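K.L.:
Before I ask anything, here is the structure I am working with.
The values are calculated or read from the model by the stated rules, or taken from the named source; none is laboratory data. All values reported here derive from a predicted model rather than from experimental measurement. Cβ placement follows ideal geometry from the backbone for every residue including glycine, while neighbour counts extend to all protein chains displayed. The area values use the complete protein model at the heavy-atom level, side chains included, leaving out ligands, DNA and RNA. Shrake-Rupley method; radii C 1.70, N 1.55, O 1.52, S 1.80 Å.
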Amino acid sequence: MPWTDVGAQAMRRLTRAYLVALALLGALILAGGLLSSELLRRQSDRAAALHAAAQLPFTVQRIARLAPLAATGRDAPALATVEEEARVMLGVLERWGVLAERIGLFSDPGAAFRHTGVQPLLQAAESFALRALAIGPLLEAGQPDLAAAAAFALHEEGKETLAPLLRDGANTLALRTETQMAWIQRLHSGLLTLALLLLAAQAVLIFGPLTRRIGRLAARLEREARTDSLTGLMNRRAVTEALALHLARGEPLALIAVDLDHFKEANDTEGHEAGDALLRAAARRLRRCLRRTDIVGRIGGDEFVAFLPGVREEGEVRAIAERVRRALHESVPYRNRRLRLGATLGVALAPGDATTGEALLRAADAALMRAKRAGRGTVGRAAPEDSARFQREAAIAEALAGAGELPGLEVHLQPLLPLDGHGGPFAVESLARWSHPELGPIRAPELFGVAQRIGRAVSLGRQALALALREFSALPRGEGLRLCVNLSAAELLAEDGVEGLEATLRAAGLDFSCLVVEVQEESLLGRSGQRGGAALAALRAAGAWIAVDDFGGRNLSLAALLGPRLDLVKLDRALVARMAREPEALRLGAGLVALLRHHGAEVVGKGVETAAEGAALRAAGCRIAQGDALAPPMTGPELAAWMRENGALALRSAP
Ligand code: C2E
Ligand code: CA
């Protein structure tokens, strides 16, 4: 069973056990709560009964003592006290009767009142009080003898039997209450102990194994996430992290990039198993000819890297790389045959060639490319200019890597103007401007190139677009002026490409009808061209114009013209320059302009630096141009002033 299933199964079992234990604990707590609230209620009833019972013997005694005096008829205060006490006694008896019933004393008379039982005792006490209340009426009725006899009987009964019996009863009740209290306490501590035991059992039997298992799974997951499963070496992520860690400590180290020769052959002709055998053999040999402290990983199909902490001399790393090259040069036994193996290597040194992991890996890769050009089975070293470039790009990448927007990004605007000198700008192109805190101004292609490599092209492009829209909105413009934005392939192919652009436009209070989307020819060709074409068609349907940039430069593909409809084609700057110098180029340019216009696209000449270039474009039939000779890229306010000065506010008609 795969280990993830084992883990899931164990987790399920443990979760179930945990839930059962939790339910038990809950039931225990609930039962304990209900039980103790019931017991406490009873206990408070008992305390009230006890209090009442404790009063009665004294009341009886007082009545017994004062009754003879009261019966003489001469001591009015005594009679009043007797009557008052008797009434109090009747009140207490009534309340006690209710309580005694409630706490079940009547059903257990033997235990509560050993001699008489509760009911007779209460009746006796009641009769006692009633008789005490009869003394007054007897005296009033002129029967002092009867009153004296009653008082005497009360005196005897009260002192001799009733008071002791009541005292005895109250004591028994108190004793019983104490016993019950002790019992409640025992019950409580029992429940508490049970709950604690259950908690401890949960901790030992459930949480312990659970956390241990989770810990083991996490460790395994982490290990597997860092390991190349085929060779058991570190994978790209692990190598990059280890490299960053070493470099951050400022340790010198050497990096060797290894690319296997003949791997693809074996993989294609002998099958994947043979390819795997080669990779495993290469991994074993690499490990064997390096020190234990050296770090080795597989970072791609047949690409390995090793970094050697502490190695700072080129000679030293070259010697080690040579040893690796020889070790990898021996063929590998496979099913009674031998598979050819070999390797090309590139070396780079930190801090000499680069100081960040990314730059060092690229330097080693560039060294590898040089070695490959020199012939397979060799060791190469990066050229100093490569290293300088990688260092620089690494610094730019670092500035870009921070979350959020790139601080200090600006856009300049350059107008696209009619070559006949009449009317205002046809459109303005937004060009990103940014300065690195240490490296100074960075050209847009370099900035966007790095952004593309580290996956920041889309967010950077959106930031530039938002800035451009702000500048564009502030221009003194009539209807119809459009904003040209350069869209990288990444932006065009982004998942939310069209929606993302629309959201940025909407945030600026604009829509696609003010936009010209400039793309490179590559975005219209090949596989990405299919997706890019669909995105461009959607943009065009939404009202944007589509322009292809640098046409007739490095490549010139007529297939690009057969994709989505192009509104604008911008001629490459080098072609424009040659058109001004070479009649042949001018003839070709004129043909191209005619072709493109016939195809329905307006043509724009780019990078016009001289009047001759402008004239050549005009001669070739081109109507619009852009370049420093006409107007350089400017900040928004500069362009606004330029437009006012040049009376360039009138607008041209659409192509
Ligand atoms: P591009 O689209 O070809 O832009 C025109 C470039 O030519 C600009 O360079 C502009 O400053 C420059 N230029 C204008 N007139 C002349 C001239 O008369 N002579 C010469 N030699 N150059 C002239 P910049 O601003 O350095 O931009 C370079 C490239 O960077 C742009 O080429 C464009 O592809 C890219 N880029 C600029 N901004 C952005 C942006 O916001 N997003 C994206 N994705 N790419 C951008
Ligand atoms: Ca452009």
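K.L.:
Starting from the range 349-376, keep only residues that are more than 19 Å from His262 (Cα to Cα), then list their pairs with residues that are of a type in the set (Lys, Arg) whose Cβ atoms are within a distance under 6 Å, requiring at least 6 positions of separation or different chains.
P.N.:
Ala367/Arg381
K.L.:
If you go through the range 415-430, how many residues are free of Cβ contacts under 8 Å to residues at least 24 places away in the same chain and near ligand 1 (Cβ under 10 Å from one of its atoms)?
P.N.:
Final tally of qualifying residues: 0.
K.L.:
Just checking, how many residues over the range 394-414 are open to solvent by less than 20 Å² (accessible area, probe 1.4 Å) and either away from ligand 2 (no atom under 13 Å from the Cβ) or in a loop (DSSP other than H, G, I, E, B) (or both)? Reasoning before the result, please.
P.N.:
Going through the range 394-414, the residues open to solvent by less than 20 Å² (accessible area, probe 1.4 Å) turn out to be 394, 396-397, 400, 406, 409, 411, 413-414.
Still in the running and either away from ligand 2 (no atom under 13 Å from the Cβ) or in a loop (DSSP other than H, G, I, E, B) (or both): 394, 396-397, 400, 406, 409.
Residues meeting the conditions: 6.
K.L.:
Now for a separate question. From Arg470, Arg477, Arg462, which residue is closer than 23 Å to Pro637 by Cα, modelled with pLDDT under 90 and away from ligand 2 (no atom under 16 Å from the Cβ)?
P.N.:
Numbers: Arg470 fails: modelled with pLDDT under 90; Arg462 fails: modelled with pLDDT under 90.
Testing whether each residue is closer than 23 Å to Pro637 by Cα, modelled with pLDDT under 90 and away from ligand 2 (no atom under 16 Å from the Cβ) leaves just Arg477.
K.L.:
Moving on. Against the conditions (1) touching a residue at least 12 places away in the same chain (Cβ under 8 Å); (2) in a strand (DSSP E or B); (3) surrounded by fewer than 20 Cβ atoms within 10 Å (Cβ to Cβ), where does Trp434 fall short? Just the number, please.
P.N.:
Only one criterion is unmet by Trp434, namely (3).
K.L.:
Right, something else. If you go through the range 431-459, how many residues are closer than 18 Å to Thr635 by Cα and more than 9 Å from ligand 1 (Cβ to nearest atom)? Break it down stepwise before answering.
P.N.:
First, the residues of the range 431-459 that are closer than 18 Å to Thr635 by Cα: 431-435, 441-444.
Of the ones still in play, those that are also more than 9 Å from ligand 1 (Cβ to nearest atom) are 434-435, 441-442.
So the answer is 4.
K.L.:
Let me ask something else about it. Just checking, which of Ala274, Ala282, Ala354, Ala266 is touching a Phe, Trp or Tyr at 6+ places or on another chain (Cβ under 8 Å), more than 22 Å from Val239 (Cα to Cα) and not acidic (Asp, Glu)? Quick ask: steps written out before the conclusion?
P.N.:
On the way: Ala282 fails: more than 22 Å from Val239 (Cα to Cα); Ala354 fails: more than 22 Å from Val239 (Cα to Cα); Ala266 fails: touching a Phe, Trp or Tyr at 6+ places or on another chain (Cβ under 8 Å).
So the residue among Ala274, Ala282, Ala354, Ala266 that is touching a Phe, Trp or Tyr at 6+ places or on another chain (Cβ under 8 Å), more than 22 Å from Val239 (Cα to Cα) and not acidic (Asp, Glu) is Ala274.
K.L.:
Here's a follow-up. For Ala366, all conditions in the list (1) touching a helix residue (DSSP H, G or I) at 6+ places or on another chain (Cβ under 6 Å); (2) within 16 Å of ligand 1 (Cβ to nearest atom); (3) in a helix (DSSP H, G or I) hold save one; what is the number of the exception?
P.N.:
(2)
K.L.:
List the helices (runs of 4 or more DSSP H) that sit entirely inside the range 29-142 and contain at least 3 residues that are under 30 Å from Gly190 (Cα atoms), modelled with pLDDT under 85 and open to solvent by less than 30 Å² (accessible area, probe 1.4 Å). Outline the logic, then answer.
P.N.:
Details: elements: 76-102, 109-112, 118-140.
Qualifying helices (runs of 4 or more DSSP H): none found.
K.L.:
Filter the range 574-584 down to residues that are within 16 Å of ligand 2 (Cβ to nearest atom) and surrounded by 18 or more Cβ atoms within 10 Å (Cβ to Cβ) and give me whichever is nearest to Glu613 (Cα to Cα).
P.N.:
Initially, the range 574-584 is screened for residues within 16 Å of ligand 2 (Cβ to nearest atom), giving 574-576.
This time we only want the ones that are surrounded by 18 or more Cβ atoms within 10 Å (Cβ to Cβ), so: 575-576.
Details: Leu575: 10, Val576: 6 Å.
This residue is Val576.
K.L.:
Please state which of the following conditions Val603 fails to meet, knowing it meets all the rest: (1) open to solvent by less than 60 Å² (accessible area, probe 1.4 Å); (2) over 17 Å from Glu429 (Cα atoms); (3) more than 9 Å from ligand 1 (Cβ to nearest atom).
P.N.:
(2)
K.L.:
Could you please find all residues in the range 512-523 being modelled with pLDDT of 90 or more and within 16 Å of ligand 2 (Cβ to nearest atom)?
P.N.:
Step one: list which residues in the range 512-523 are modelled with pLDDT of 90 or more, which gives 512-519.
Within the range 512-523, Leu515, Val516, Val517, Glu518, Val519 meet the criteria.
K.L.:
Of these, Gly440, Gly421, Gly455, Gly461, which one is under 28 Å from the mean Cα position of the chain (by Cα) and loosely packed, with under 15 Cβ neighbours inside 10 Å? Let's see the steps before the verdict.
P.N.:
Values: Gly440 fails: under 28 Å from the mean Cα position of the chain (by Cα); Gly421 fails: under 28 Å from the mean Cα position of the chain (by Cα); Gly461 fails: loosely packed, with under 15 Cβ neighbours inside 10 Å.
Result: Gly455 is the single residue among Gly440, Gly421, Gly455, Gly461 that is under 28 Å from the mean Cα position of the chain (by Cα) and loosely packed, with under 15 Cβ neighbours inside 10 Å.
K.L.:
Quick test for you: out of Gly509, Gly563, Gly526, pick the one residue that is at pLDDT below 85 and either more than 17 Å from Ala601 (Cβ to Cβ) or within 16 Å of ligand 2 (Cβ to nearest atom) (or both).
P.N.:
Gly526
K.L.:
Look through the range 549-567, keep the residues that are more than 44 Å from the chain's Cα centre (by Cα) and open to solvent by less than 60 Å² (accessible area, probe 1.4 Å), and return whichever of them is nearest to ligand 1 (Cβ to nearest atom).
P.N.:
Among residues in the range 549-567 that are more than 44 Å from the chain's Cα centre (by Cα) and open to solvent by less than 60 Å² (accessible area, probe 1.4 Å), the one nearest to ligand 1 (Cβ to nearest atom) is Gly553.
K.L.:
For the range 331-340, name all the residues that are touching a Lys or Arg at 6+ places or on another chain (Cβ under 9 Å) and either in contact (Cβ under 8 Å) with a residue 24 or more places away in the chain or surrounded by 15 or more Cβ atoms within 10 Å (Cβ to Cβ) (or both). Give the steps one after another, and end with the answer.
P.N.:
Of the range 331-340, the ones touching a Lys or Arg at 6+ places or on another chain (Cβ under 9 Å) are 331-332.
Residue satisfying the conditions is Val332 alone.
K.L.:
Same structure again: Which of the residues that make up the range 481-501 are open to solvent by 40 Å² or more (accessible area, probe 1.4 Å), more than 16 Å from ligand 1 (Cβ to nearest atom) and more than 27 Å from the chain's Cα centre (by Cα)? Don't jump to the end; show me each part of the working.
P.N.:
Residues of the range 481-501 that are open to solvent by 40 Å² or more (accessible area, probe 1.4 Å), as a first pass: 486, 489, 493, 495-496, 499.
Filter again for more than 16 Å from ligand 1 (Cβ to nearest atom), leaving 495-496, 499.
Matches in the range 481-501: none.
K.L.:
Continuing with this model, one more query. If we keep just the residues of the range 304-330 that are among the basic types (Lys, Arg) and in contact (Cβ under 8 Å) with a residue 24 or more places away in the chain, which is least open to solvent (accessible area, probe 1.4 Å)? Walk me through how you get there before you give the answer.
P.N.:
Taking the range 304-330 as the starting set, the residues that turn out to be among the basic types (Lys, Arg) are 312, 318, 323, 325-326.
Filter once more, so that each one left must be in contact (Cβ under 8 Å) with a residue 24 or more places away in the chain: 312, 318, 323, 325.
Values: Arg312: 151, Arg318: 86, Arg323: 107, Arg325: 44 Å².
Here the answer is Arg325.
K.L.:
For the range 533-548, how many residues are of a type in the set (Gly, Ala, Ser), part of a helix (DSSP H, G or I) and open to solvent by less than 30 Å² (accessible area, probe 1.4 Å)?
P.N.:
Start the filter on the range 533-548 by keeping residues that are of a type in the set (Gly, Ala, Ser), which leaves 533-535, 537-538, 541-544, 547.
After this cut, where a residue has to be part of a helix (DSSP H, G or I) as well, the list is 533-535, 537-538, 541.
Among the residues that remain, those that are also open to solvent by less than 30 Å² (accessible area, probe 1.4 Å) are: 533, 535.
Total satisfying the criteria: 2.
K.L.:
If a residue counts only when it is farther than 25 Å from Leu481 by Cα and without any contact (Cβ under 8 Å) to a residue 12 or more places away in the chain, which helices (runs of 4 or more DSSP H) contained entirely in the range 559-646 have at least 3 such residues? Spell out the reasoning first.
P.N.:
Numbers: elements: 573-581, 583-598, 611-619, 636-645.
So the answer is 583-598.
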